[in-house]
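For reference, the structure is listed below as structure tokens.
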Ligand code: MRU
């Protein structure tokens, strides 16, 4: 159930004490694993999006933190552990999974590398199960013949196993259901074009790639039946941070009466953030937007936006489907009350 989609490589490998990340900057042209030999390597991999996607950066950080203790003399470990934890948390601010995974290791109150590594492995294994459950709860939404839009990459590459937004698609596909997925490019780093289009088509799902400004006309023409996106942080009330462009899709979906679902693992729900107004949105460098074509002018490059809960039809979670998203439904579903 929670095995990887066919022919899709795994994002994070921890084997015989060695950590490696699939370098997603090189996809789809090259499948290359970056062996992570230091905390600096891990932080650079997270910052530059060699490893990316909310759950994946949490898992990556957990392994990196644990491994970074190996070379530290025992008497210095406690102080260094906390310093390393802060550096990892600072690598990217928006996805709650990163800070939450690091805090989970700190909560063990140990600096023993082996115990920390066991916890990182547990987190990784739990994540596979979470994806499978999201797939099971979301699969009934994938009707035969449907045209489904997804944004950015909330797939196997961003998580482990089946991904989040993609998990219902993979399970429906395995069950023999025929449907079609629109994948938008997701400027400026093209996670849709480079990653999702590649991942889904590699697994045998029918995909069409579109530019980011195409969905409105497709919705108007009745050619999108359902939208499923991932998330980097769901605030206590349901406001949802995800890749820049998600808000625009939600507004359009609302206008055209198209169901708009967020696939949210329990690790991405953040009851400590009251609503979307206080979620820190990462802004990234100008070079990502300028490329080689643009005039050399000022650039504003936010990586995420926040979709208010009233534009969200439902949440597909590992604890069940939430079809009337309210703060109390989210708290109940994630058993935080
Ligand atoms: O900047 P990225 O590529 O890390 O952004 C990823 C997303 O926005 C995903 O939709 C989100 O992290 C969910 S991944 C299951």
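If the chain linking residue 25 and residue 327 were pulled fully straight, counting 0.36 nm for each residue of separation and taking away their Cα-Cα distance, it would gain 105.1 nm. Against the chain, whose longest principal axis is taken from its Cα atoms, helix 96-106 shows a tilt of about 30°. If a spin label sat at a point 7 angstrom from the Cα of residue 33 along the line to its beta carbon, the backbone N atoms of segment 147-191 nearer than 15 Å would be those of 161.
Starting from the Cα gyration tensor of segment 213-337, take the square roots of the eigenvalues, sort them a ≥ b ≥ c, and report rounded, prolate or oblate (rounded when a/c is under 1.5, otherwise prolate if a/b is larger than b/c, else oblate). Oblate. Based on the alpha-carbon gyration tensor of segment 225-296 and its eigenvalue square roots a ≥ b ≥ c, which shape applies: rounded if a/c is under 1.5, prolate if not and a/b is larger than b/c, or oblate? Taking the square roots of the gyration eigenvalues as a ≥ b ≥ c, segment 225-296 is oblate.
Report the antiparallel proportion of the DSSP beta bridges in segment 155-299 as a percent, rounded to a multiple of 5. Approximately 15 percent, going by the DSSP bridge assignments. When shorter helices are ignored and each DSSP H run of at least 4 residues is given -39500 (n - 2.57), the per-residue value for the chain at 222 nm works out to -10500 deg cm²/dmol. If R0 is 25 Å, the Cβ-Cβ spacing of residue 220 and residue 178 corresponds to a FRET efficiency of close to 0.55. In whole angstrom, note down how far apart the Cα centers of segment 66-135 and segment 256-279 are. If you average the Cα positions of each part, the centres end up 24 Å apart. Quick one: angle between helix 54-68 and the longest Cα principal axis of the chain, in degrees between 0 and 90, rounded to 10, please. It is inclined by approximately 10 degrees. The residue 336 and residue 125 beta-carbon pair, evaluated with R₀ = 35 Å, returns a calculated FRET efficiency of approximately 0.95.
Per residue, the average separation of C-alpha pairs within less than 8 Å and at least 6 apart gives the chain a relative contact order of 17 percent. On full extension, the segment bounded by residue 83 and residue 310 gains 77.8 nm, given 0.36 nm per residue less the C-alpha separation. Protection proxy ranking for 148-156, 88-96, 296-304, 109-117, using the average of other Cβ atoms within 10 Å per residue and placing the highest first: 148-156, 88-96, 109-117, 296-304. Give me the percent of DSSP beta bridges within the chain that run antiparallel, rounded to the nearest 5. Roughly 45 percent of the DSSP beta bridges within the chain come out antiparallel. Here the chain is described by how far its Cα atoms reach on the three principal axes: 66, 51, 40 Å, from widest to narrowest.
None of the figures in this text is laboratory data; all of them are computed from the coordinates on show. These figures come from a predicted structure and were not determined experimentally. Backbone-built Cβ (ideal geometry, glycine too); neighbour counts: all protein chains shown.
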